[in-house]
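The values are calculated or read from the model by the stated rules, or taken from the named source; none is laboratory data. Please read all numbers here as calculations on a predicted model, not as lab measurements. Please note: Cβ atoms are built from the backbone with ideal geometry, for glycine as well, and neighbour counts cover all protein chains shown. Surface accessibility is based on the protein's heavy atoms, side chains included, excluding ligands, DNA and RNA. Shrake-Rupley method; radii C 1.70, N 1.55, O 1.52, S 1.80 Å.
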There are 2 protein chains.
Amino acid sequence: MDHPDEQGSPAKQGSPDEQGSLLLQDQLCFALYAASRSVTTRYRPLLEELGLTYPQYLVMLALWEQDSVSVRELGASLQLDSSTLSPLLKRLEAAGLISRRRRPDDERSVAVTLTRAGTELRERARSVPLAIGQAMGLTPEQDATAKQLLRLLTAHVNAAGTDRPGSS
Amino acid sequence: MDHPDEQGSPAKQGSPDEQGSLLLQDQLCFALYAASRSVTTRYRPLLEELGLTYPQYLVMLALWEQDSVSVRELGASLQLDSSTLSPLLKRLEAAGLISRRRRPDDERSVAVTLTRAGTELRERARSVPLAIGQAMGLTPEQDATAKQLLRLLTAHVNAAGTDRPGSS
DNA sequence: CCCGATTCAGTTGTGCACGATCTAATCGCG
DNA sequence: CGCGATTAGATCGTGCACAACTGAATCGGG
């Protein structure tokens, strides 16, 4: 029976409170940064077969969930702003997966819509999450715990960064 | 707002339905990606006072831990390769924080060394991890759990990616 | 009806990431 | 000793991220 200890916990004695440490390996931020890059690298060959990059894949996930949304709504889902999304969407449009047109009722807004090819790509993408899940090798409980902690962390960090105006 | 089964399904084993889901919010990879960007964004204003970007800060952490290492060794610590580190180090050198010179005993290798300014910057950086730790708002237990899970995940993913299927 | 403020998407500039490729130095084996 | 293989670092091209800015469309108050 495997224990999640295979990386080994090399007895970090002497540092009960790592919060103020300047050691690279003590930093949660570095674990996060390294994990995120590892995962996107692992996705790369799978997504290459679909002609997508990793952020493009996330955009497609959002569109498969809800089609015909504005750039702004996409940005809210993915926590990205237009300066990242605009060129990305332009590439997806060039690839024939989406189309963009101004909303008749509000010309400021651009509706992002799946093309037939974009809709059909979903079937080919179905196997991707499972393959990644297996590569991650976490138990369902660990997976759920990780997601929960990451969401909690993100919520806290965003709340701290989005300094509430009006209350001091 | 209609958000489907987020944590409503108690059946975790037996039917890992979430593992094969294409819903954005079910994806651990997205939680990871969003958390990582949130954290670096939170770091930005703090590091700006030190004249560092987030990856530059990680390089400095590594150097404060062990000075005078090769580009390759830095890359091993940070899991970055020379195509990322070379320009980054060039900017740190231009900022006067490090110096680079070829090793006399092996002219292929470049020793990265802290300058006086680079060494002294450490004191100004001492308060950064604690400030971030507070913004993350995790208990020490949650922090430790998150680090453990992220390291485990990274190890698995890297092992799966490095895996050369020498089928014979 | 006009004008200032706001909203939305896009553009620009800087700095990562990373695959592919290059060059030079070093190693290894006959 | 010679020469192919390996290693270290740098360079190039593509594609994110994100701050700062532009410009058009819309809204709101007088």
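Below are the figures for this structure:
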quantity: Subset of the range B:53-71 [of a type in the set (S, T, N, Q), closer than 20 Å to B:Val110 by Cα and not in a helix (DSSP H, G or I)]; calculated: B:Gln66, B:Ser68, B:Ser70
quantity: Qualifying residue in the range A:86-100 (condition: within 15 Å of DNA strand D (Cβ to nearest atom), open to solvent by 80 Å² or more (accessible area, probe 1.4 Å) and part of a loop (DSSP other than H, G, I, E, B)); calculated: no
quantity: The range B:77-106 residues that are within 19 Å of A:Ala34 (Cα to Cα), paired with ones that are more than 8 Å from DNA strand C (Cβ to nearest atom) and at pLDDT below 95 (beta carbon under 7 Å, 6 or more apart); calculated: B:Ser77/A:Leu24
quantity: Pairs with Cβ under 6 Å, 6+ apart, first in the range B:41-68 and over 21 Å from A:Asn158 (Cα atoms) and within 11 Å of chain A (Cβ to nearest Cβ), second within 15 Å of DNA strand C (Cβ to nearest atom) and open to solvent by 10 Å² or more (accessible area, probe 1.4 Å); calculated: B:Ala62/B:Ser77
quantity: B:Pro129 being open to solvent by 80 Å² or more (accessible area, probe 1.4 Å) and within 8 Å of chain A (Cβ to nearest Cβ); calculated: no
quantity: Answer residue from the range A:19-45, given it is out of contact with any Leu (no Cβ under 9 Å at 6 or more places or on another chain) and more than 12 Å from DNA strand D (Cβ to nearest atom) and is modelled with the lowest pLDDT among those; calculated: A:Ser21
quantity: Members of the range B:39-52 found to be open to solvent by 10 Å² or more (accessible area, probe 1.4 Å) and in a helix (DSSP H, G or I), listed by number; calculated: B:Thr40, B:Thr41, B:Arg42, B:Arg44, B:Pro45, B:Leu46, B:Glu48
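This table checks each residue for (1) more than 9 Å from chain B (Cβ to nearest Cβ); (2) in contact with a helix residue (DSSP H, G or I) (Cβ under 8 Å, 6 or more places away or on another chain).
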| site | (1), (2) |
| --- | --- |
| A:Leu85 | yes, yes |
| A:Leu89 | yes, yes |
| A:Arg100 | yes, yes |
| A:Pro104 | yes, no |
| A:Ala125 | no, yes |
| A:Met136 | no, yes |
| A:Glu141 | no, no |
| A:Thr145 | no, yes |
| A:Gln148 | no, no |
